[in-house]
1. From the square roots a ≥ b ≥ c of the eigenvalues of the alpha-carbon gyration tensor of segment 79-198, which class results: rounded (a/c under 1.5), prolate (a/b over b/c), or oblate?
2. Which whole-Hz ³J(HN,Hα) couplings does segment 28-36 yield from phi under the Karplus relation 6.51 cos²θ - 1.76 cosθ + 1.60, θ = phi - 60°, glycine and proline marked x?
3. Quote the accessible area belonging to Thr190 in square angstrom, nearest 10, computed with a 1.4 Å probe and with ligands, DNA and RNA left uncounted.
4. Which of Lys74/Lys97; Lys31/Lys84; Lys97/Lys121; Lys84/Lys154; Lys97/Lys119 have a Cα-Cα distance over 28 Å?
5. Once you've got the GNM for the chain with C-alpha springs shorter than 10 Å, pick whichever of Lys97, Lys31, Lys156 has the biggest mean-square fluctuation.
6. Evaluate the charge dipole of the chain about its Cα centre and quote only its size in Debye, nearest 20, assuming +1 on the Cβ of each Lys and Arg and -1 on the Cβ of each Asp and Glu.
7. Could you state the principal axis extents of the C-alpha atoms in segment 1-86, from the largest down, to the nearest angstrom?
8. How large a share of the accessible area of the chain, in percent, is made up of carbon and sulfur atoms when the probe is 1.4 Å and the other protein chains stay in place?
Amino acid sequence: DHLRALAQRLEVAEGEVRSASAYGRAARFLKSNFTLAKLAFNIGSAVVQFTGLTQTFVVAGKFNTVKGIRDMFKPGMVSGIMEKSAFMRSRQTTFNKDIADFRTNPLQGKALGRWDEIKNKIISPAAFFFMTKAQYYTVDVPTWLAGYNAGLEKFKGNEDLAIDYADDVVKRVGGSGIFSDRSAIERGSTSMTNRQSDIVRMFTALSSYVFAKFNLAYERGVSGVRDI
């Protein structure tokens, strides 16, 4: 377990790496096109994001969640959240790992080709607009506020710790597409020797929400057994 944890920390420190091989490129191509086909301009996917609030009630508590939903409509609240939290400033482009992967190509770095430029600046913002906005404004913002209120109570008014706690609550409820926040299998790693495989990543498409829900259920299950 210690070696596995060390390997994961080194993997995060190294950053995302993708294979230049033909099968690696093919796996990324299939995954990106699957993401586009299933999520792009999909009103159903946008509407279903709202159900994520049910997990907020579990993580942050009913009172804090209701308070968060109420407070999100106050003038300047969203801009205030963005001022406090760097995580929430970038959340709309990082909340989903598959959308984040669709937008980026680590092999090319900053030297984006013409297609990548069109994909990042035109196709991606338009294709995932409804889903992104629905997730951010109906789930992430009230969840962050609920976590922030819970954090202020938990850490006796320490705002810095409350902000960190609120960021963590959003990740636990809705997952995160940031590489360091992903589970090992979402990063493409299944063992000490098989790491960052594009083939493995291909089979985790559209799984972020399921993983977040499973992790929360597992956490609650372990807590329940311990209490018993």
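1. Note, shape of segment 79-198 comes out oblate.
2. Calculated HN-Hα couplings, in order: 5, 4, 5, 5, 5, 6, 5, 4, 4 Hz.
3. About 80 Å², ignoring ligands and nucleic acids.
4. The answer is Lys74/Lys97; Lys31/Lys84.
5. Result: Lys156 has the largest fluctuation of those listed.
6. My answer is approximately 460 debye.
7. Principal axes ranked by extent give 51, 40, 26 Å for the Cα atoms.
8. So the carbon and sulfur contribution to the accessible surface is 64 percent.
The values are calculated or read from the model by the stated rules, or taken from the named source; none is laboratory data. If you're wondering where the values come from, they're calculated on a predicted model, not measured in any experiment. We place every Cβ from the backbone using ideal geometry, glycine too, and count neighbours over all the protein chains shown. Only protein heavy atoms, including side chains, enter the accessible area calculation; ligands, DNA and RNA are left aside. Shrake-Rupley method; radii C 1.70, N 1.55, O 1.52, S 1.80 Å.
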